[in-house]
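Enquirer: There's a structure below that I have some questions on.
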Amino acid sequence: AQTVTQSQPEMSVQEAETVTLSCTYDTSESNYYLFWYKQPPSRQMILVIRQEAYKQQNATENRFSVNFQKAAKSFSLKISDSQLGDTAMYFCAFMKGGSSNTGKLIFGQGTTLQVKP
Amino acid sequence: NAGVMQNPRHLVRRRGQEARLRCSPMKGHSHVYWYRQLPEEGLKFMVYLQKENIIDESGMPKERFSAEFPKEGPSILRIQQVVRGDSAAYFCASSPGLFGDTQYFGPGTRLTVL
């Protein structure tokens, strides 16, 4: 069974600085997808970034980028130039790919990030 | 382009009552997923449906819970004879297809069982 682990329950960063959130996962699959979702106080789940395992290039979305280390099964999220609006809980998620994919997202426990002014 | 809609946003039920949670997927999306989030925890998959079909219900409790996605109308998650442990946020997500497609989430329904 697949598992996703986020080892940092809480983190804080000063506005305009950079922060990295960690995520590791365990799977025997070779084809899969990884996601980071953000859940602000409104509790709406918002997609931050998506990575296909078969792509070696790390995904980037504006101030958000990932460090995807397939061999180490690590998928960290880097937030550059942190803004107050980045304050939220961040969830790492895994989805199997290929013919065994049933669309099930497996989430980590989350990391609460506070951006301080 | 409306996102995923869920209603009600908040639902209060007494023990033993029924709870019905509704989800309208994004336009053009035919795949619906339900997740449950207990306090201070991550989301847990419950069920995946396509129109008129349950594809994967491996995360659904065996008793009291059911889900449907009819040909017309929203997807419904139904909880019969609710207990206090059912108190949680229930999120619906939709996607246009299956293989690695991003799931877009609704705002959730917060169920409180008194």
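The values are calculated or read from the model by the stated rules, or taken from the named source; none is laboratory data. Just so you know, these numbers come straight off a predicted model, no measurement behind them. Here the Cβ is made from the backbone with ideal geometry for all residues, glycine too, and neighbour counts use every protein chain on show.
Enquirer: Out of the stretch B:35-54, which residues are at the interface with chain A (Cβ under 8 Å from one of its Cβ atoms) and modelled with pLDDT under 90?
Expert: The answer is B:E41, B:G42.
Enquirer: Taking the stretch A:75-101 as the region of interest, how many residues are part of a loop (DSSP other than H, G, I, E, B), away from chain B (no Cβ under 14 Å) and either touching a Leu at 6+ places or on another chain (Cβ under 6 Å) or not hydroxyl-bearing (S, T, Y) (or both)?
Expert: Selection size over the stretch A:75-101: 2.
Enquirer: A further question follows. Got a sec? Which strands (runs of 3 or more DSSP E) wholly within the stretch B:57-112 have at least 2 residues that are under 28 Å from A:E52 (Cβ atoms) and modelled with pLDDT of 95 or more?
Expert: B:88-95
Enquirer: Quick one: which of B:Q37, B:Q50 is of a type in the set (S, T, N, Q) and closer than 30 Å to A:E10 by Cα?
Expert: Matching residue, one of B:Q37, B:Q50: B:Q37.
Enquirer: I need the full set of residues from the stretch B:5-18 which are surrounded by fewer than 21 Cβ atoms within 10 Å (Cβ to Cβ) and either under 20 Å from B:S66 (Cβ atoms) or basic (K, R) (or both), in order please.
Expert: Those that are surrounded by fewer than 21 Cβ atoms within 10 Å (Cβ to Cβ) and either under 20 Å from B:S66 (Cβ atoms) or basic (K, R) (or both): B:N7, B:P8, B:R9, B:L11, B:R13, B:R14, B:R15, B:G16, B:Q17, B:E18.
Enquirer: Against the condition away from chain A (no Cβ under 14 Å) and surrounded by 14 or more Cβ atoms within 10 Å (Cβ to Cβ), how does B:V32 come out, does it pass?
Expert: No: the conditions fail for B:V32.
Enquirer: Can you pull out every residue in the stretch B:101-114 that is surrounded by fewer than 21 Cβ atoms within 10 Å (Cβ to Cβ) and within 10 Å of another protein chain (Cβ to nearest Cβ)?
Expert: B:D101, B:T102, B:Y104, B:P107, B:R110
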